[in-house]
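For reference, the structure discussed in these notes is given below.
FYI, it's all coordinate maths here, none of it is from the lab. Worth saying up front: this structure is predicted, and the values here are computed from it rather than measured. Don't worry about glycine lacking a Cβ; one is built from the backbone with ideal geometry, like all the others, and counts go over all protein chains shown.
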């Protein structure tokens, strides 16, 4: 099962509130999900770099590619927070980890 963080409220950010499932549907089923903006900013968090736990802020594409290079334990601990919520599996996600990042990785554009 994947873990999602709280949705971003209009006019602010509350992504630090973890483990709140998002239930807002992305559409009515007839509308395809919007294309992923791989150039938007994203932070890859909860990944130990040396002796520091510093977020890596880069493009969504760069963050997902960096996640792919992590060992399995660090992949499970990592959290990806994009600049704007992503629509995956019919729901908007302000932040996600493990399974959803893996699904994003399968959709990466060619390097």
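Here are some notes:
- Per-residue Cβ neighbour rank within 10 angstrom, fewest leading, 88, 60: 88, 60
- With each label modelled as a point 7 angstrom along the Cα→C-beta vector, the residue 74-residue 41 pair spans 2.3 nm.
- Listing 101, 36 from fewest to most neighbouring C-beta atoms within 10 Å gives 36, 101.
- Sorting 83, 69 by the number of Cβ atoms found within 10 Å of their own Cβ, with the fewest placed first, yields 69, 83.
- Dimensions in Å of region 41-106 - Rg and Dmax from alpha carbons: 11.1, 38
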